[in-house]
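Trainee: Below: one structure in C-alpha cells.
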Amino acid sequence: MNTFLELEPFSTPLFEIPDDADFEYTSMLAADDFSLMDGDFLADQPPAPAEVVAGGGDASGKRSFHANDGEAMCVVSRSSKRRKKAPTNSTSPSNRDGSGGGGGGEGNEPTAERRGSRRVWVRERSTEWWDRMRDPAACPEADFRRAFRMPRAVFDKLCDDLAAAVAKVDTTLRSAIPVPQRVAVCLWRLATGDPLREVSRRFGLGISTCHNIIVQVCAAITAVLLTRVVRWPDSHAAAASRFQALSWIPGVVGAVHTEHFRIVAPREHAGKYYDHRLTGRNNKATYSVAMQAVVDADGAFTDVCIGHPGSLSDAAILAKSALYARCEAGLLLGHDKLGWQQPLWLVGGASYPLTSWMLVPYTQPNLTWAQDRLNARVADARAAAVGAFRRLRARWQCLRRAEVKLPELANMLGACCVLHNLCERSGHGLDADLLDLLDDELVDDGVVAGGGNTVRSPAAEQVRDRIAHGLLDQYVGNASLSG
C-alpha cells in the first residue's frame, strides 16, 4: 500500500521545482541537505517520515519519488492546503521488502533523536515606548503633551468618547489593540507626520495595522465629534463682545479664512485640484484641497467646509458652502437663543464679496483715512482666523504634506479641526519647540492682485462706510484723550 504525505509549503522555500516539470509537486526537502543561516530563529519540529515508492504512482495517477534508506523526505503538493499528520511508525522501502531489521537503520531511530529544525522568520516588536508614555509615573505631563499635543486629561476624555466607535473584540487568535493605543497611534501620526515605519516601530504594531488604525480613528473623530466640538456659538452677544475688544467693530461674530493643503496629484480629475497660486509660489506644479473655516475670537473653529478643489477661488468656495446658503436665508446670523437683534457680521479678506452679512476691506487705490482705518480693524479681526490656521499647521505636522487619498484627507482635516478645538478650549497653548513653525506662510487672501472684492449689496456698502467713519471718530477721540 502506497502512503503519501502532503504538507503545507514552508514560509521560505529552500528551492523551487520549475513549473514545466512533469510531476505535480512544488518542493522536495531533505532533512539533512540544508544548513541554517546565522541569525535564524529555530522552531523544533520533527520531520514527518513518509513512505515513497518507485514506479508509476498510486491509484490517483500521481507520480512518486524514491527516497534512499535513512532519509526523511517531505513531499508537498501544489493543490494541497491542509496539513496531515504523518504516521508515527512508517515503514521504509528497505523494511517493506525484508532487507532491514526491526531496530537497525536511521529510519527507526527514536523521534527525539530525529528531530529536525524548521526555518521561521520572526520580526520582534516592542511596546516599551508606548508602555512608558502610558504610565503617568514614568512619563511626565510635559513629555506627554509634547508627544500627543494635548494634556493627559484631554486624551483620556477623547478615548472615552471614541471607545464605542473604535473598540475591537478579542478573538481566539489574538487580543484586540486597546482603545488608548489606537488613539495614540493616530495622534502621533497627525502630530509628527512621521512615516508609518516609524509609527510601527514605536508602538510595536505592523505597518498596515497602523495605517488602518489611523484611517479608522480619523473617521471616528469626524463622525462622532465634529458636530459636537465644531459648533456655532450659542450666544451672539458674547462672541460679538470678544471680537469688538479685538477690532472695535461692533456685531462681528466670526472671521472667515480659506486655506489650501497640498496633496499628491490625484489620478482622476487632476486639473480640478491644480492650484495656480501655490504653483506660482513654489515654481512647480502643485495640487491642493481647500478648507474654509469660520473662527471665533478665541481661535476655535465654529464652521468648516472641507474638500473643494484647490483650483477654485475663495469666493467660489464660499458660494458652494452651506455657510453661504444659511447666511443668505438669515438662519445663521439672525436672532440667537438669547434674543440678540443687533446686525451681525462675518469678517473676510479682500477675496470675498461684500454682502449684507460679510464685511470685507476696501480694495480701491487712494483710500481715505476712514477707509484705511476700517481696513486696519478688519485685519485685526482676521488675525484670529489666520492665527488659528497657523497653530493648526504647527500643531499637526501631517498637514504640511498630506500624501493620502482624497476621501481619507477629508476625514484627516476634520479630525485635526476637532483636536485643534479640544486643545484651544482646554487652555493648552503651543509648546516652545512648535513656536518656530508659526512662521509657515499661508495662502493669504488679504490682498488680491488685479482687482478687488465685488459689492453684491449696495446697502451693505453704505453700512460699511458708516462703520468706517465711526471707527475713525473713535480713533480720533481716543487720540485726543490720550494727548
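The values are calculated or read from the model by the stated rules, or taken from the named source; none is laboratory data. Everything quoted here is computed from the prediction, not taken from an experiment. Counting neighbours? That spans all protein chains shown, and the Cβs are built from the backbone with ideal geometry, glycine included. Areas reflect the complete protein model, heavy atoms only, side chains present, ligands, DNA and RNA absent. Shrake-Rupley method; radii C 1.70, N 1.55, O 1.52, S 1.80 Å.
Trainee: On full extension of the chain, what length is gained from A164 through D465, given 0.36 nm per residue of separation minus the C-alpha to C-alpha distance?
Mentor: 103.0 nm
Trainee: Need one word for the range 125-227: rounded, prolate or oblate. Basis is the Cα gyration tensor (sqrt eigenvalues a ≥ b ≥ c); a/c below 1.5 gives rounded, then a/b vs b/c decides. Don't jump to the answer; show the numbers that get you there.
Mentor: Details: a/c = 1.32, a/b = 1.06, b/c = 1.25.
The shape class here is rounded.
Trainee: Tell me, what is the FRET efficiency for L406 and S208 to the nearest 0.05, using R0 = 22 angstrom and their Cβ-Cβ distance as r?
Mentor: On the way: r = 20 Å, r/R0 = 0.93.
E(calc), rounded to 0.05, equals 0.60.
Trainee: With contacts defined as alpha carbon pairs under 8 Å and 6 or more residues apart, what's the relative contact order of the range 135-180 in percent?
Mentor: That works out to 24 percent.
Trainee: Run the 1.4 Å probe and let me know the accessible area of E461, rounded to the nearest 10 Å².
Mentor: 70 Å²
Trainee: Put a dot 7 Å past each Cα toward the Cβ at D143 and L367; how far apart are the dots in nm?
Mentor: Modelled inter-label distance: 5.1 nm.
Trainee: Rounded to the nearest 0.05, what FRET efficiency do A176 and H428 have when you use their Cβ-Cβ distance and R0 = 30 Å?
Mentor: Numbers: r = 30 Å, r/R0 = 1.00.
According to the calculation, E is roughly 0.50.
Trainee: To the nearest 10 square angstrom, what accessible area does K157 show with a 1.4 Å probe?
Mentor: About 110 Å², rounded to the nearest 10.
Trainee: Residues of the range 248-269 with amide nitrogen under 18 Å from the 7 Å Cα-to-Cβ point of D473?
Mentor: Answer for the range 248-269: 248-251.
Trainee: Report the gain in length on full extension from A265 to R152: 0.36 nm times residue separation, minus Cα-Cα distance, nm rounded to one decimal. Let's see the in-between values first.
Mentor: On the way: separation 113, 0.36 × 113 = 40.68 nm, distance 3.76 nm.
Result: 36.9 nm gained on full extension.
Trainee: How much accessible surface does C305 have with a 1.4 Å probe, in Å² rounded to 10?
Mentor: 20 Å²
Trainee: For I207, I213, write out the residues from largest to smallest accessible area, computed with a 1.4 angstrom probe and no ligands counted. List each step's numbers first, then the result.
Mentor: Details: I207 55, I213 5 Å².
Ranked from most to least accessible, the order is I207, I213.
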